[in-house]
1. Scan the range 445-463 residue by residue and report those that are of a type in the set (S, T, N, Q) and either open to solvent by 40 Å² or more (accessible area, probe 1.4 Å) or outside any helix (DSSP H, G or I) (or both).
2. Scan the range 407-444 residue by residue and report those that are surrounded by fewer than 18 Cβ atoms within 10 Å (Cβ to Cβ) and closer than 27 Å to Val360 by Cα.
3. Please enumerate the residues belonging to the range 351-375 that are surrounded by fewer than 20 Cβ atoms within 10 Å (Cβ to Cβ) and within 21 Å of His159 (Cα to Cα).
4. So which residues in the range 169-196 are farther than 21 Å from Ser439 by Cβ, crowded, with 24+ Cβ neighbours inside 10 Å and in contact with a helix residue (DSSP H, G or I) (Cβ under 6 Å, 6 or more places away or on another chain), if there are any at all?
5. Would you point out the residue of the range 285-329, among those that are under 23 Å from Ala208 (Cα atoms) and without any contact (Cβ under 8 Å) to a residue 60 or more places away in the chain, that is surrounded by the most Cβ atoms within 10 Å (Cβ to Cβ)?
6. Are any residues in the range 261-281 surrounded by 15 or more Cβ atoms within 10 Å (Cβ to Cβ) and without any contact (Cβ under 8 Å) to a residue 24 or more places away in the chain, and if so, which ones?
7. Could you tell me which residue of the range 83-119 is surrounded by the fewest Cβ atoms within 10 Å (Cβ to Cβ), considering only residues that are more than 23 Å from Ser366 (Cα to Cα) and touching a residue at least 40 places away in the same chain (Cβ under 8 Å)?
8. In the range 159-168, is there at least one residue being open to solvent by 10 Å² or more (accessible area, probe 1.4 Å) and more than 20 Å from Phe323 (Cβ to Cβ)?
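The values are calculated or read from the model by the stated rules, or taken from the named source; none is laboratory data. All values derive from a computational prediction rather than experimental measurement. Cβ coordinates were reconstructed from backbone atoms using ideal geometry, including for glycine residues, and neighbour counts include every protein chain displayed. Keep in mind that these areas ignore ligands, DNA and RNA; they rest on the heavy atoms of the full protein, side chains included. Shrake-Rupley method; radii C 1.70, N 1.55, O 1.52, S 1.80 Å.
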Amino acid sequence: MHIGKTTDLQRREFLRRAMIMSGYGLAAPLVSTLGLVGAASAAGTPTDYRALVCVFLYGGNDYGNTLIPYDQPSYDAYSAIRLTLATARDQLAGTVLKPSVALPNSRVMALAPTLAPLMPIFNAGHLAVMLNVGNLVQPTTLAQYKANTVPLPPRLFSHADQQTEWQTSGPSSVITGWGGRIADLVMGANTYPTFSSVNVTSNAVFMAGKKANQYQMSSSGPVAINGLSRTIYGSSSVPSALRALITSPRNQWLEQDINAIASRSIDAQATSSAALAAVPPFATPFDSTNSLAKQLQTVARMIAARKALGAGRQVFFVSMGGFDLHDSLAAKQPGLLAGLASALSSFHDTTVELGVANQVTSFTASDFGRTLSSNGDGADHGWGSHHLVMGGAVNGGRFYGVAPDVSVNGPDDVGQGRLLPTTGVDQLASTLGKWMGVSDTDITTVVPQISNYSTRNLGFMTA
């Protein structure tokens, strides 16, 4: 009895560690498909559908040149601080935002010029701008920060730690992400739980749940096991032998679990490949040279195949990098934002084409913002930043949150123009989780720190 119990515990510990490794990219793609591919849920597929798409901007996107002060007093302060990094005011005329609810104190803001493709979406009320969002443990004032009287996110201004904090709503020791925890709670709406959490870029802890494991794809579609997808040395018998080797039942428990995972991976690849093959080409074009656009096109194809995949609720993850601009910020960020705008606008237009715009919500995220102060040719690591939420169910065409003072060492600044966030990532996550169908009771499972906030729903989503 003791031996059997120990073996069972070892087996469960192996599976737990395998799922953790999958979340951090240490064992993929086989482990990433551990979710029960063929297990139909008791609830069946719902008549509606909802999808959440996280667009992560790795490196820390600069907030100062993404959303730019435009009213004359604020612009003058901005240009005096940013110096050579400042975007010329006459370049902003085409991207001045005219929200349905005006900002206080006659403040006016404009998107970066290269984000112009998003203007029609904002004007149509399907794009919202989230002001000064960032990692917090609880609402924090500048006085509390300076006096160190409240808990703060660990290792602020660190790329790896703040990426993890954004994605997990917790420190680096947390092994599940809030996207994965949302998937845990809504995966009963899916015939194939494997397709609840779909990652179209590198593994991200955001997508790891306790039950839901990210199914990883490339921007070209499902990833097949090479040895099974072609002949080897001209022989078709070798792939057959390999398939038998990695899927046949075994007597040893470790081999049993590895082969079960391999079988599920093969089944998931076959199921998703067949479903995607039946999706007709979109009328909406995507830039084939834009990595993010290609990822979002694959997400759109998965959404188009939702009925064949038995999907009622899905969480997706895509990303782009290059935002760690300590130098060449003025030269490089406009191109990055142009790529972001092109990809997002094509994706939004495709959801309209598919008739699911009201059922798909996308949002941007990043490690942190950057300093408003220039370091000469770029900006250094910051904290709070501005973000976008897009979709037909978004109460868009307006700002949410508090517009920060344009100053260094001012009322919103912990130094060098590093914004002290006035909206927590937990509040953003809670609002999106509620829209996905997470109950008031369960939302603390998705974002445990939300219990520290009096406002759990920011109001930017329709019911």
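1. Thr445, Ser451, Asn452, Ser454, Thr455, Asn457, Thr462
2. Listed by number, the residues that qualify are Gly437, Ser439, Asp440, Thr441, Asp442, Thr444.
3. Asn375
4. Thr194
5. Here the residue is Ala300.
6. Ser263
7. Filtering the range 83-119 for residues that are more than 23 Å from Ser366 (Cα to Cα) and touching a residue at least 40 places away in the same chain (Cβ under 8 Å), the one surrounded by the fewest Cβ atoms within 10 Å (Cβ to Cβ) comes out as Pro104.
8. The answer is no, given that none of the residues of the range 159-168 is open to solvent by 10 Å² or more (accessible area, probe 1.4 Å) and more than 20 Å from Phe323 (Cβ to Cβ).
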